[in-house]
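K.L.:
Here it is, the structure in full.
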Amino acid sequence: MDLIKATTISDKSNIIQRVSQLRSHPERFDKLALDIFQYQYKYNALYRKFVGDLGVIPNDIKAIEQIPFLPISAFRTHQVLNDNVSYQQIFESSGTTGGNTSKFYLDDISWYTENVTEGIIPSYGDPSSYCWLALLPSYLERGNSSLVFMVDHFIKKSNYDQSGFFLNNLDELALKLQEIQDLNIPCILIGVSFALLDFAESHAMDLSKVVVMETGGMKGRRKEMPRFELHEFLNDKLNLKSIHSEYGMTELLSQAYSKGEGIFDPSPTMKVIIKDITDPFAERPMGKSGVLNVIDLANIEQCSFIETADIGVKLGHNQFKVLGRLDHAMMRGCNLLYQE
């Protein structure tokens, strides 16, 4: 068995420090990703078996494009966690298709909250400077949602008492939004797609002073629709120039954000690689669609290298778009189907 030669990366505190430094030193991403690959190969029995079954020799991996990406379906059938690591929290996917749900075993809640907070800053600044209104009924109706956990953290840290969750009380939400705009309070309304559509249909109003952010997903409540159609409808009903988006999932600790047109900027701990649909080791060139593979270096004790089963395209400056799902792949509630 080829085990890591360096000993310094076996020190988790050293890895955490290096991951945190990515916020000011993004050029160190690739080297750290290679080190974390070796760390997880050594300490994660499931990932080690996966790599071995592929016939990959770890010490031959010299570039991040060569790293094997664990299929996201593994989170539905296995506990993806490094050996001898205990967990503090379990996040569970929506399971909109009625099958097995993905489970993410979080070992350190404080690390999670630190990472999601630092991850949003490059796109929006300090999240505490916003009033957060959350329209996430399907997530609130079940437990163990990572999205609810993240937004709840932002609400608790917010400088504004008006922040809060809304289930089906759309009239109250409309009044709150009007109050916030009258007071010129910076606000982010984050919502699952079907709930934002319901709100826009029943309460068409001017939200030009509000950031409206969709998290994707009809959750079986409405027919799936292309992202651009969703955004056009919301822009028209709510008098907005653009709809913002959040790309995240149960299996990740890092997120990506879009300020319009479905173009996502990943957080400092996240990078995407687009692979060929028929060859998981063949990288697709810039601007060409393929399977979206995510490197999430915040997943230190789980797996940082995940093949998502989403179809995407990489743009310049590490930006990307999500175009849809692989045929026969389980549809995840956090993603919209997008038709070219």
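Read-outs: derived from the displayed coordinates by stated rules, not from any lab. Note that this is a predicted model, so its numbers are computed, not measured. Here Cβ is always computed from backbone atoms with ideal geometry, including for glycine, and neighbour counts include all displayed protein chains.
K.L.:
At 0.890 mPa s and 25 °C, plugging the Kirkwood radius over alpha-carbon pairs of the stretch 109-265 into Stokes-Einstein gives what diffusion coefficient in µm²/s?
P.N.:
Numbers: Rh = 15.7 Å.
Result for D is 157 µm²/s.
K.L.:
Nearest 0.05, what FRET efficiency do Ile16 and Asp60 give at R0 = 25 Å with Cβ-Cβ as r? Show your work: numbers first, answer last.
P.N.:
Values: r = 27 Å, r/R0 = 1.09.
The value I calculate is 0.40.
K.L.:
Just rank Leu234, Leu170, fewest to most, by other beta-carbon atoms within 10 angstrom.
P.N.:
On the way: Leu234 22, Leu170 18.
If I rank by nearby Cβ atoms, fewest first, I get Leu170, Leu234.
K.L.:
Something else now. Would you list which aspartates and glutamates come within 20 Å of Lys241, measuring only between C-alpha atoms, while excluding same-chain residues fewer than 8 positions from it?
P.N.:
Straight-distance partners of Lys241: Asp182, Asp198, Glu201, Asp206, Glu214, Glu229, Glu232, Glu261, Asp265.
K.L.:
Test of understanding: what is the full-extension gain from Ala45 to Lys156, defined as 0.36 nm times their sequence separation minus their Cα-Cα distance?
P.N.:
Contour length minus Cα-Cα distance gives 36.2 nm.
K.L.:
Another one. Provide the percentage of antiparallel DSSP beta bridges, counting only those with both residues in the stretch 109-265; round to the nearest 5. Mind showing how you got there, number by number?
P.N.:
On the way: 5 of 20 bridges.
Bridges in the stretch 109-265 are about 25 percent antiparallel.
K.L.:
Any chance you could run the full-extension gain for Lys209 through Asp83? It's 0.36 nm times the residue separation minus the Cα-Cα distance, nm to one decimal.
P.N.:
Numbers: separation 126, 0.36 × 126 = 45.36 nm, distance 4.83 nm.
In short, 40.5 nm is gained.
K.L.:
Can you give me the Cα centroid spacing of the stretch 51-92 and the stretch 165-237 in angstrom?
P.N.:
Rounded to whole Å, the Cα centres lie 37 Å apart.
K.L.:
Here's a follow-up. Give me His317, His244 ranked fewest to most by other Cβ atoms within 10 Å of their Cβ, as a rough exposure proxy. Mind showing how you got there, number by number?
P.N.:
On the way: His317 7, His244 19.
Ascending Cβ contact count within 10 Å gives the list His317, His244.
K.L.:
Compute the FRET efficiency between Gln319 and Phe233 as 1/(1 + (r/R0)^6), taking r as their Cβ-Cβ distance and R0 = 35 Å, and round to the nearest 0.05.
P.N.:
With R0 = 35 Å, the Cβ-Cβ based efficiency is 0.90.
K.L.:
Here is a further query. Rounding to the nearest 10 and keeping the result within 0 to 90°, find how far the Cα-based axis of helix 109-124 lies from the longest principal axis of the chain.
P.N.:
For helix 109-124, the angle is close to 60 degrees.
K.L.:
Would you calculate, for the chain, the mean residue ellipticity at 222 nm contributed by helices, counting each DSSP H stretch of 4 or more residues as -39,500 (n - 2.57) and dividing by all residues, to the nearest 500? Before the final figure, lay out the partial values.
P.N.:
Details: 10 runs with 105 residues, N = 340.
Using -39500 (n - 2.57) per qualifying helix, the result is -9000 deg cm²/dmol.
K.L.:
Can you list which of the GluC sites (Glu not before Pro) found in the stretch 167-267 are DSSP loop residues with at most 13 other C-beta atoms within 10 Å? Display every interim value, and only then the final one.
P.N.:
Details: sites: Glu172, Glu179, Glu201, Glu214, Glu224, Glu229, Glu232, Glu246, Glu251, Glu261; in loops: Glu224, Glu251, Glu261.
For GluC sites (Glu not before Pro) across the stretch 167-267 that sit outside H, G, I, E and B with at most 13 neighbouring Cβ atoms in 10 Å, the list reads Glu261.
K.L.:
For the chain, find the longest principal axis of its Cα atoms and tell me its angle to the long axis of helix 170-182, 0 to 90°, nearest 10.
P.N.:
So the helix axis and the longest Cα principal axis differ by about 90 degrees.
K.L.:
Residue by residue through the stretch 236-244, what is 3J(HN,Hα) from phi via Karplus (6.51 cos²θ - 1.76 cosθ + 1.60, θ = phi - 60°)? Round to whole Hz and write x for glycine and proline.
P.N.:
After applying 6.51 cos²θ - 1.76 cosθ + 1.60, I find 5, 6, 10, 6, 10, 8, 7, 10, 8 Hz.
K.L.:
Compute the long axis of helix 193-202 from its Cα atoms, compare it with the longest principal axis of the Cα atoms of the chain, and write down the angle in degrees, 0 to 90, nearest 10.
P.N.:
Around 10 degrees separate the two axes.
K.L.:
Using a basic spin-label model with each label point 7 Å from the Cα along Cα→Cβ, how many nm lie between Asn144 and Asp279?
P.N.:
3.9
K.L.:
Sticking with this one: Using just the alpha carbons, could you tell me how many Å³ per residue the convex hull of the chain encloses? Can you show the working numbers first?
P.N.:
Numbers: hull volume 44.2 nm³, N = 340.
Once divided by residue count, the hull of the chain is 130 Å³.
K.L.:
Still on this structure, please answer the following. Determine the alpha carbon to alpha carbon distance for each of Lys271/Lys321; Lys259/Lys321; Lys12/Lys271 and list only those over 18 Å. Don't skip to the answer; put the middle values down first.
P.N.:
Working: Lys271/Lys321 13 Å; Lys259/Lys321 12 Å; Lys12/Lys271 21 Å.
Cα-Cα > 18 Å for Lys12/Lys271; rest within.
K.L.:
R0 = 56 Å: FRET efficiency of Asp126 with Lys223, Cβ-based, nearest 0.05?
P.N.:
Values: r = 38 Å, r/R0 = 0.67.
Given R0 = 56 Å and the Cβ-Cβ separation, E is 0.90.
K.L.:
Using the C-alpha atoms of the stretch 46-107, what convex hull volume per residue, in cubic angstrom, is computed? Working shown, then result.
P.N.:
On the way: hull volume 7.0 nm³, N = 62.
Spelled out: Cα convex hull of the stretch 46-107, divided by residues, is 112 Å³.
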